[in-house]
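Engineer: One structure coming up, written as structure tokens, with questions to follow.
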Amino acid sequence: MKVSPSATPENNLDYRCVSILGATGSIGCNTLDLVRNNAEKFNIIALTGNKNVDLLIQQAREFSPDLAVIGDETLYDELKAGLSDTDIKVAAGSEAMAEAADQPSDIVIAGIVGVAGLAPTLVAAKRGTVVALANKECLVCAGDFFLNEIDRSGATLLPIDSEHNAIFQVFDFNQAGNVDHLTLTASGGPFRSTSLSEMKNITPAQAVAHPNWDMGAKISVDSATMMNKGLELIEAYYLFPVEENQIEILVHPQSVIHSMVTYKDGSVLAQLGTPDMRTPISYALAWPNRLEIPGRRLNLASIAELTFEAPDLKRFPALTIARDTLKAGGSLPTILNAANEVAVRCFLEERIGFLDITRVTEEVLNRTPKSEPKTLDEISHCDEVARVLAEEVVRSLN
Ligand SMILES: NC(=O)c1ccc[n+]([C@@H]2O[C@H](COP(=O)([O-])OP(=O)(O)OC[C@H]3O[C@@H](n4cnc5c(N)ncnc54)[C@H](OP(=O)(O)O)[C@@H]3O)[C@@H](O)[C@H]2O)c1
């Protein structure tokens, strides 16, 4: 099943109630910045964080949601104390996270990082609301299952990831058969021109310093290995009615063209902008309208030159691994996602080197027989088995 958007009277509201899963992260903070500057248009219903209880308290005090949830249960008392003089209901843990997703909002921003976002995002999907999806891991880990839930409930899925949001803006869903291919652009990350021998010694601090985008640690490391683009390839396959061989990846270091759709007559439609996540987030928040965002406008004359190059598959094997995984299907994307999450965490903890991230992921994929998980329990089982094996592979490297 592929997503086909349709505007309904409900999602044409002038005033929207918004819940943010992952409010304390980069996507969450950008969303709240838009809400802050458009206070007459939005009302915050629920906010969630995981460990950053101080920021969650600060956000809750500013935006007065009905519910504030912290994932880490040991921080419940701190959250409660920090909001004790307010009417805001507080809760902690995974069930409370689901409760936040289930609050009666018009739109849920799915901004939790990793597979931890799957369960609460599914709750929002089942509720039939508008789900603005930043959490690509949901689709990579459980693509068909997740989209079936969207389909069943009649929820609307809007992509926030800048590339997919760009394609969503220029993809003619009434002419899907006339699409030749999609081009996902990639900045190439901080090590676009770094040699393989230099890559061995890359530190977590270097890997999280993205040249164009200010993002959370996990996606920044994924961008550095280019696994992010591999995950986005799988995400694009699930979001748009195209086959795997109709999605190409093109390195475009300036991150001005956010992605493109080529039609059968040779026309190429692209969405351009400054690299600012507030643009795709605002598109989802206001869809099918648009919000005015003051600030920097794209000035092509001052940029002067846009450059493009094919990705280097030798230095960035994650791209081939992800494409092969998508072609093979079944449990492999779930395993890829789980192994990559573990490997990135271990790299950030300085337990493995930069080049080991992709090695660990590939080894886990090679050592795990493919299965065909259909239910959420079966998907979760694949995810858990891959995580255990990834830890084992990491230990074997030390
Ligand atoms: N950042 C971007 O520009 C960008 C662009 C495109 C797509 N995305 C996607 O958006 C998602 C979020 O990225 P991000 O950069 O915003 O990440 P981030 O800055 O690391 O924020 C992650 C959010 O998830 C919460 N979280 C982490 N682990 C959790 C858990 N186990 N249970 C519940 N909540 C948990 C964090 O809470 P605490 O901080 O309180 O611990 C935080 O609110 C990712 O899937 C990413 O691929 C991000």
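Engineer: Looking only at residues that are touching a Pro at 6+ places or on another chain (Cβ under 6 Å) and open to solvent by less than 60 Å² (accessible area, probe 1.4 Å) in the stretch 344-388, which one is farthest from residue 116 (Cα to Cα)?
Structural biologist: Result: 358.
Engineer: Taking only the stretch 205-224 into account, find how many residues are open to solvent by 10 Å² or more (accessible area, probe 1.4 Å) and within 11 Å of the ligand (Cβ to nearest atom).
Structural biologist: Residues that pass the stated criteria total 11.
Engineer: Turning to a different aspect of this structure: Checking residue 307 against (1) under 22 Å from residue 233 (Cα atoms); (2) not in a helix (DSSP H, G or I); (3) not assigned by TED's automatic domain parsing to the domain that holds residue 245: exactly one of these is not met. Which one?
Structural biologist: All conditions are met except number (3).
Engineer: Checking the structure you have, find out if any residue of the stretch 176-197 is under 25 Å from residue 128 (Cα atoms) and more than 16 Å from the ligand (Cβ to nearest atom).
Structural biologist: Checking the stretch 176-197: at least one residue is under 25 Å from residue 128 (Cα atoms) and more than 16 Å from the ligand (Cβ to nearest atom).
Engineer: For residue 228, indicate whether it is more than 24 Å from residue 327 (Cβ to Cβ) and at pLDDT 95 or above.
Structural biologist: No, not satisfied.
Engineer: Here's another thing I want to ask about it. Is at least one residue of the stretch 263-270 surrounded by 22 or more Cβ atoms within 10 Å (Cβ to Cβ) and in contact with a strand residue (DSSP E or B) (Cβ under 6 Å, 6 or more places away or on another chain)?
Structural biologist: Checking the stretch 263-270: not a single residue is surrounded by 22 or more Cβ atoms within 10 Å (Cβ to Cβ) and in contact with a strand residue (DSSP E or B) (Cβ under 6 Å, 6 or more places away or on another chain).
Engineer: Grab the helices (runs of 4 or more DSSP H) fully contained in the stretch 189-266, keeping just those with 3 or more residues being within 26 Å of residue 143 (Cα to Cα).
Structural biologist: In the stretch 189-266, the matching helices (runs of 4 or more DSSP H) lie at 217-225, 227-239.
Engineer: Out of the residues in the stretch 70-106 that are open to solvent by 60 Å² or more (accessible area, probe 1.4 Å) and in a loop (DSSP other than H, G, I, E, B), which is farthest from residue 55 (Cα to Cα)?
Structural biologist: Step by step, filter the stretch 70-106, then rank; the result is 104.
Engineer: Right, something else. Which one of the conditions (1) within 29 Å of residue 108 (Cα to Cα); (2) open to solvent by 20 Å² or more (accessible area, probe 1.4 Å) does residue 138 fail to meet, given that it meets all the rest?
Structural biologist: Here residue 138 clears every test but (2).
Engineer: Could you tell me whether any residue of the stretch 173-183 is aromatic (Phe, Trp, Tyr) and out of contact with any Asp or Glu (no Cβ under 9 Å at 6 or more places or on another chain)?
Structural biologist: The answer is yes, given that some residue of the stretch 173-183 is aromatic (Phe, Trp, Tyr) and out of contact with any Asp or Glu (no Cβ under 9 Å at 6 or more places or on another chain).
Engineer: If I go through the stretch 87-122 residue by residue, how many of them are away from the ligand (no atom under 13 Å from the Cβ) and among the β-branched types (Val, Ile, Thr)?
Structural biologist: 4
Engineer: Does the stretch 271-279 include one or more residues that are within 29 Å of residue 108 (Cβ to Cβ), in a strand (DSSP E or B), open to solvent by 60 Å² or more (accessible area, probe 1.4 Å) and in contact (Cβ under 8 Å) with a residue 40 or more places away in the chain?
Structural biologist: Within the stretch 271-279, none of the residues are within 29 Å of residue 108 (Cβ to Cβ), in a strand (DSSP E or B), open to solvent by 60 Å² or more (accessible area, probe 1.4 Å) and in contact (Cβ under 8 Å) with a residue 40 or more places away in the chain.
Engineer: List every residue pair whose Cβ atoms sit under 6 Å apart, with the two residues 6 or more apart in sequence or on different chains, where the first one lies in the stretch 80-94 and is more than 8 Å from residue 68 (Cα to Cα) and the second, anywhere, is open to solvent by 100 Å² or more (accessible area, probe 1.4 Å) and acidic (Asp, Glu).
Structural biologist: Matching pairs, first to second residue: 92/73; 93/73.
The values are calculated or read from the model by the stated rules, or taken from the named source; none is laboratory data. Here the structure is a predicted model, which means the values were calculated and not measured. All Cβ positions, even for glycine, are placed from backbone atoms using ideal geometry, and neighbour counts span all protein chains on display. Calculation scope for accessible area: heavy atoms of the full protein, side chains included, ligands and nucleic acids excluded. Shrake-Rupley method; radii C 1.70, N 1.55, O 1.52, S 1.80 Å.
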